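The values are calculated or read from the model by the stated rules, or taken from the named source; none is laboratory data. Source: prediction; values computed, not measured. Cβ sites come from the backbone with ideal geometry, for glycine too, and all protein chains shown count toward neighbours.
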Number of protein chains: 2
Amino acid sequence: MSKTIITISRQYGSGGREIGEKLANTLGIPFYDNKLLEVAAKESGIGKELFEANDEKNPGSLLYILGMQYSDDMLPFNHKLFLAQFSAIKKIASEGPCVIVGRCADYALKDFNNVLNVFIHADIEKRIERISKELNIPDKKANEVIIRVDKQRMSYYNFYTSQKWGRAENYHLCLDSMALGIDGTVELLKKFVELLEVRD
Amino acid sequence: MSKTIITISRQYGSGGREIGEKLANTLGIPFYDNKLLEVAAKESGIGKELFEANDEKNPGSLLYILGMQYSDDMLPFNHKLFLAQFSAIKKIASEGPCVIVGRCADYALKDFNNVLNVFIHADIEKRIERISKELNIPDKKANEVIIRVDKQRMSYYNFYTSQKWGRAENYHLCLDSMALGIDGTVELLKKFVELLEVRD
């Protein structure tokens, strides 16, 4: 069995979640996407729906706060949610190898030495095609959703990590998922993990 | 024999050139680093030393021009050098699979459909270690050289391509060369090429 913890950051519509799930199945290790929020809720005693409502959204953005019409005391509470999630990520990682998608897991696990940080991206045209099909919406609408979600993810990541989302140097490996397709990308990642573990 | 053209952009000291050369040997295809300048010189009739003096330096930067004390008419001439290089890259690529390091080859080959664009990076500490050993200079000096060379490369790339050097989305694959080491990185790239060619 694999001993590596793999974190996956991903552009919306790039297939990053699907790749993560297939990789976890291939390696026989647990997969955490929004299942992570359940762990954070259970550990912290805060309602899961609050984690869901604030998932990967930057609490520091004034525009976001105004847009959501939150009261001022929401700001520290959002930070509290982030810290509970951060602590859930560390707990999960200390239990053994797994795949974690999004939620600044790469940053939360900075002190772990068996972590492989991956960023998955794809051309905007391909992502529009995927999201348009998945949500059954027209291309124009899919484009708008992609831009909005990616802006939220970027803002959330940059705010909490003081790094830049999507800059190659933050990750061990960045991949255009359309170059090899979903299954080819999973195979390449599996090879990366094998080479990494032979090296240790 | 491989049919893919591989372009490698790289942070200074990341081992990108060495990885490119080893990959070319493994795949049995030609390798172009500054050998490319010879081709450009031969094709254009412009002296090779002029290509060397301006290699991967941004002609649009006023500070660079002032620093080099060039006369005003050097500006269009630098562009001429770039175009000659651009055309040499296309000529080389049209002759068959190869590995080309640096010089905006990814951008020059935008219209080719058998190109794999790679970016190689590594932690600054590891790069200082490599360059300090390679050039036999103290760590502090190595750090200065790395910052200067990377600034030149970034500026040259951003000026000519209107893309951002080192942003994951410009490349099919970005790799931290220290995660798997030089040989492991070569093996992973070989696997990528194999998966890519099986897919075609």
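Quick notes
- Filter pass, residue B:135 being more than 16 Å from residue B:10 (Cα to Cα) and without any contact (Cβ under 8 Å) to a residue 60 or more places away in the chain: yes
- Considered as a group, the residues in the range B:162-181 that are more than 13 Å from the chain's Cα centre (by Cα), more than 7 Å from chain A (Cβ to nearest Cβ) and of a type outside the set (Gly, Ala, Ser) include one that is farthest from residue B:115 (Cα to Cα), and that residue is B:178.
- Scope the range A:23-34; condition within 24 Å of residue A:157 (Cα to Cα) and over 10 Å from the mean Cα position of the chain (by Cα); matching residues: A:23, A:24, A:30, A:31
- Among the conditions (1) of a type in the set (D, E, K, R); (2) in contact (Cβ under 8 Å) with a residue 12 or more places away in the chain; (3) closer than 20 Å to residue A:172 by Cα, residue B:191 misses just one, which is (2).
- Here the range B:118-155 is the region considered, the condition is being of a type in the set (Lys, Arg) and more than 19 Å from the chain's Cα centre (by Cα), and the residue that is surrounded by the most Cβ atoms within 10 Å (Cβ to Cβ) is B:126.
- Residues of the range A:41-54 that turn out to be within 15 Å of the chain's Cα centre (by Cα) and either buried (at least 17 other Cβ atoms within 10 Å of the Cβ) or of a type in the set (Gly, Ala, Ser) (or both), as a count: 2
- Counted residues, the range A:13-43 - those being at pLDDT 80 or above, part of a helix (DSSP H, G or I) and either among the small types (Gly, Ala, Ser) or under 27 Å from residue A:129 (Cα atoms) (or both): 12
- Flag if residue A:186 is surrounded by fewer than 21 Cβ atoms within 10 Å (Cβ to Cβ), within 11 Å of chain B (Cβ to nearest Cβ) and under 20 Å from residue B:174 (Cα atoms): no
- Filter pass, residue B:78 being surrounded by 14 or more Cβ atoms within 10 Å (Cβ to Cβ), under 21 Å from residue B:165 (Cβ atoms), modelled with pLDDT of 60 or more and in contact with a helix residue (DSSP H, G or I) (Cβ under 7 Å, 6 or more places away or on another chain): no
- Candidates B:128, B:120, B:137, filtered to the one that is part of a helix (DSSP H, G or I) and modelled with pLDDT of 90 or more: B:128
- Selection count where residues are among the polar types (S, T, N, Q), in a loop (DSSP other than H, G, I, E, B) and within 14 Å of residue B:10 (Cα to Cα), scope the range B:163-199: 0
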